[in-house]
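Chemist: My structure is below; once you've seen it, I'll send some questions.
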Amino acid sequence: MISIQGLKKSFGSQEVIKNVDLEIEQGKVVVIIGPSGSGKSTLLRCLNVLETPNGGVLSIDGQKLDFNTSVSKKSISAFRRLTGMVFQSYNLFPHLTTTGNVTEGLTTVKGLSHKEAVKKAELLLDKVGLADHKDKHPFQLSGGQQQRVAIARALAMDPKVMLFDEPTSALDPELVGEVLRVMKDLAHEGMTMAVVTHEMRFAKEVADEVIFIDDGVIVERGAPAEIFNHPKHERTKKFLSLLQ
Ligand code: ADP
Ligand code: MG
């Protein structure tokens, strides 16, 4: 479903992603772990072209962008629609209701009628457990509820892949579980997902594969049990020992 070949990204003279190759099969959940500043967010942001790579080939669901040649704006915006992204900060529209936040992209980008958009939003809000909160505004919702709206909003665009960048890091501890629950359900429904998280329990329970990234390279990858119980590389061992 996802193929990354020779991905490179620099900011000025700082090489942040150094020739990364990665394949993610359809329906698989890959959890990306690594120290702060190792390039995890940049990797996800390259996948949905919020950052323009300096080189490499990205492919999602058969659509390809080759950053070793020039890439048109049009092909980038088509490519971006293949992925839904959820950030640490939920960035909901404060003046719109829960339903309004989900219908916005459906009417403006997907061209659905208001009625169709509301119908779809209601299904998605039900799925993330927010049917009773559809007319509220973001300030009336907890962080966990807001993040679930953000997930519903991303799902509304029918992405082939969901990208999560530390989706629970800004939440109070008691609200983390409800967001992970929704992500777990999505995984079980067969969504292809790349998740940057520090929630090691989620990684152990849900990930098909864990990827440890440090200093812009994939140091080690494997099944969660392998990485957590038998890390091979010193850098992985050191990182995991610091989490305990
Ligand atoms: P992580 O998500 O693993 O903490 P990031 O991908 O956010 O790491 O950042 C990797 C490195 O790239 C860091 O050194 C960070 O300062 C740098 N970086 C990230 N985004 C930018 C940017 N827009 N401009 C300049 N440097 C950046
Ligand atoms: Mg980050």
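The values are calculated or read from the model by the stated rules, or taken from the named source; none is laboratory data. Every value quoted in this text rests on a predicted model; they were computed, and no experiment measured them. Cβ coordinates were reconstructed from backbone atoms using ideal geometry, including for glycine residues, and neighbour counts include every protein chain displayed. Keep in mind that these areas ignore ligands, DNA and RNA; they rest on the heavy atoms of the full protein, side chains included. Shrake-Rupley method; radii C 1.70, N 1.55, O 1.52, S 1.80 Å.
Chemist: Quick one: accessible area per residue over the chain, 1.4 Å probe, rounded to a whole number of Å²? Walk me through the numbers on the way to the answer.
Modeler: On the way: 11750 Å² over 244 residues.
Dividing the accessible area of the chain by its residue count gives 48 Å².
Chemist: Counting helices only, and only those DSSP H runs with n ≥ 4, report the 222 nm mean residue ellipticity of the chain as the sum of -39,500 (n - 2.57) divided by its residues, in deg cm²/dmol to the nearest 500.
Modeler: Details: 9 runs with 94 residues, N = 244.
Computed ellipticity for the chain at 222 nm equals -11500 deg cm²/dmol.
Chemist: Dividing the convex hull volume of the alpha carbon atoms of the stretch 1-129 by its residue count, what do you get in Å³ per residue? Present the calculation step by step, with values, prior to reporting the outcome.
Modeler: Working: hull volume 19.6 nm³, N = 129.
In the stretch 1-129, the Cα hull volume divided by residue count equals 152 Å³.
Chemist: Next question, about the same structure. Could you work out how much longer the chain between ASP21 and GLU174 gets when fully extended? Use 0.36 nm per residue separation minus the Cα distance between them, nm to one decimal. Can you show the working numbers first?
Modeler: Working: separation 153, 0.36 × 153 = 55.08 nm, distance 3.63 nm.
Stretched fully, the ASP21-GLU174 segment lengthens by 51.4 nm.
Chemist: If the viscosity is 1.567 mPa s and the temperature 4 °C, what Stokes-Einstein diffusion coefficient in µm²/s follows for the stretch 77-177 when Rh is the Kirkwood radius over Cα pairs? If you can, show how the numbers build up before the last one.
Modeler: Values: Rh = 13.6 Å.
In µm²/s, the coefficient is 95.
Chemist: Next question, about the same structure. Roughly how tilted is helix 234-243, in degrees to the nearest 10 and between 0 and 90, from the longest Cα axis of the chain?
Modeler: 40
Chemist: How many angstrom separate the Cα center of the stretch 13-60 from the Cα center of the stretch 208-236?
Modeler: The stretch 13-60 and the stretch 208-236 have Cα centres separated by 15 Å.
Chemist: Considering the convex hull of the alpha carbon atoms of the chain, report its projected area averaged over all viewing directions, in nm², one decimal.
Modeler: On the way: hull surface 53.7 nm².
Computed as one quarter of the Cα hull surface, the answer is 13.4 nm².
Chemist: Would you grab the residues whose amide H sits under 5 Å from the one on HIS233? Only those 5+ places off in sequence or on another chain, please, with H modelled 1.01 Å from N.
Modeler: Residues meeting the criterion, in which the H sits 1.01 Å from N, do not exist here.
Chemist: Let me ask another. What is the sum of charges, Lys and Arg at +1 and Asp and Glu at -1, for the other residues whose Cβ falls under 10 Å from the Cβ of GLU205? It would help to have the intermediate numbers written out before the result.
Modeler: Working: positive: LYS184, ARG201, LYS204; negative: GLU199.
Net local charge, GLU205 excluded: +2.
Chemist: Follow-up. How high is the relative contact order of the chain? Use alpha-carbon pairs under 8 Å, at least six apart in sequence, and give a whole percent. Write out the running numbers ahead of the final one.
Modeler: Working: 449 pairs, mean separation 63.1, N = 244.
The normalised contact order for the chain reaches 26 percent.
Chemist: Can I ask one more? Which angle between 0 and 90 degrees, to the nearest 10, do you get for helix 143-156 versus the longest principal axis of the chain when only C-alpha atoms count?
Modeler: Taking Cα atoms only, the helix is inclined about 90 degrees.
Chemist: Can you list residues from other chains, or at least 5 along the same chain, whose modelled amide H is less than 5 Å from the amide H of ASN68?
Modeler: GLY56
Chemist: Pop a pseudo-label 7 angstrom from the Cα along the beta-carbon direction at both ASP135 and ASP185 and give the gap in nm to one decimal.
Modeler: About 2.3 nm separates the two model spin labels.
Chemist: For the stretch 138-235, what is the largest minus smallest coordinate of the Cα atoms on each principal axis, given in angstrom and ordered from greatest to least?
Modeler: 46, 29, 25
Chemist: Right, here's the next one. Cα-Cα over 24 Å: which of LYS40/LYS160; LYS115/LYS136; LYS9/LYS232? Mind showing how you got there, number by number?
Modeler: Values: LYS40/LYS160 20 Å; LYS115/LYS136 19 Å; LYS9/LYS232 27 Å.
The answer is LYS9/LYS232.
Chemist: Related question: Can you give me the % of accessible surface on the chain that is carbon or sulfur? Probe 1.4 Å, all protein chains present, nothing else counted.
Modeler: On the way: 5640 of 11750 Å².
Answer for the chain is 48 percent, counting heavy atoms of protein chains only.
Chemist: Here's a follow-up. Suppose R0 equals 22 Å. What FRET efficiency, 1/(1 + (r/R0)^6) with r the Cβ-Cβ distance, do THR108 and LEU50 give to the nearest 0.05?
Modeler: Values: r = 19 Å, r/R0 = 0.85.
With a Förster radius of 22 Å, E is 0.70.
Chemist: At what distance in nm do the modelled label points of ARG201 and SER75 sit from each other, each positioned 7 Å from its Cα along Cα→Cβ?
Modeler: Using points 7 Å along Cα→Cβ, the separation is 4.5 nm.
Chemist: Something else: Please work out the C-alpha center-to-center distance from the stretch 71-132 to the stretch 136-204 and express it in whole Å.
Modeler: 14
Chemist: Can I ask one more? Cβ neighbours within 10 Å, averaged per peptide: list 10-16, 225-231 in order, most packed at the top.
Modeler: Values: 10-16: 11.4, 225-231: 15.4.
Result, highest mean Cβ count within 10 Å first: 225-231, 10-16.
Chemist: Show log10 I(q)/I(0) for the stretch 18-77 at q = 0.18, 0.20, 0.24 Å⁻¹, two decimals, from a solvent-free Debye sum over equal Cα scatterers.
Modeler: At q = 0.18, 0.20, 0.24 Å⁻¹ the computed log10 ratios are -0.71, -0.87, -1.19.
Chemist: Given N residues in the stretch 109-159, what is Rg(Cα) / (2.2 N^0.38 Å)? Write out the running numbers ahead of the final one.
Modeler: Working: Rg = 10.9 Å, N = 51, 2.2 N^0.38 = 9.8 Å.
That works out to 1.11 for the stretch 109-159.
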